[in-house]
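Since the structure comes first, as structure tokens, the remarks are kept for the end.
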Amino acid sequence: MTKRPKTDPRDLPAYTIGEAAHYLSVLPQTVRYWAVGRDDYPGLIDPPSRSPVLLSFLNLVELHVIAAIRRQHNVTLPKIRSAIEYLEELYGDHHPLIRRELETDGLDLFVEHTGKLLNISRQGQTAMREILDAALKRIERDESGIPIKLYPFTRQSVVNAPAMVVIDPKLSAGRPVLKGTGLSTEVIAERYKAGDSISNLAFDYGRTQEEIEEAIRCELQLAA
């Protein structure tokens, strides 16, 4: 993977465990387990700050991929680590989950390796690949293949889910905004909680009601 300057905003500590958990719809204790490990099990990623624990944008992308695996299969941390180490050896990179190659042959290899560890059926491997593929498609990359934007899942159904909310480290301090705008989903959700209707918010911001609903869903986890 191309070497980046130390001041690259994608590598800087930006998100607390709680914020990452919120954006990824994962329990905070689970994110902490994935990020820094527990007892004799080290974490799956390398946070730029450990005291306090703060995650980078690229960490958030890594956790997004891990969360996708967990949506369908109850894969344990050691088994995920084994699959990640398998790809690390293959690519010679400590961050294989954010490599562009994972979208192609790497994805099949990852699913195959994890499937062997879990002894899941071919049908189960197909389901895992479908969900991982959906997760990887929500990562936008620069010309060198490094993630620059993440479109987090805002609903339980992930395949063909809309991608109207984006996390961009260069916008709104890396907090979620509506795609193509600088409109903070948090601000929209706060107005909704204060009593503004979705139709009024759509009119005020010049967006569709569906976009406003997605912004609110991102913050309040509304049922899809």
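The values are calculated or read from the model by the stated rules, or taken from the named source; none is laboratory data. None of these values were measured; they are calculated from a predicted model. Please note: Cβ atoms are built from the backbone with ideal geometry, for glycine as well, and neighbour counts cover all protein chains shown. Surface areas here come from the heavy atoms of the whole protein model, side chains and all, with no ligands, DNA or RNA. Shrake-Rupley method; radii C 1.70, N 1.55, O 1.52, S 1.80 Å.
How large a share of the accessible area of the stretch 150-209, in percent, is made up of carbon and sulfur atoms when the probe is 1.4 Å and the other protein chains stay in place?
49
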Open item on the list: Which order do the peptides 164-176, 29-41 come out in when sorted by mean C-beta neighbours inside 10 angstrom, highest first?
Closed with: 164-176, 29-41
TODO: On each of the three principal axes of the Cα atoms of the stretch 164-217, give max minus min coordinate, whole Å, ordered largest first.
DONE: 29, 19, 17
Task: Thr16 paired with Arg70, simple spin-label distance in nm, labels 7 Å along Cα-to-beta-carbon - done: 1.9
Task: Virtual spin-label span in nm between Leu220 and Tyr91, 7 Å along Cα→Cβ - done: 3.8
Open item on the list: Give me the dipole magnitude in Debye, nearest 20, for the stretch 144-224 about the Cα centre, with unit charges on the beta carbon: positive for Lys and Arg, negative for Asp and Glu.
Closed with: 240
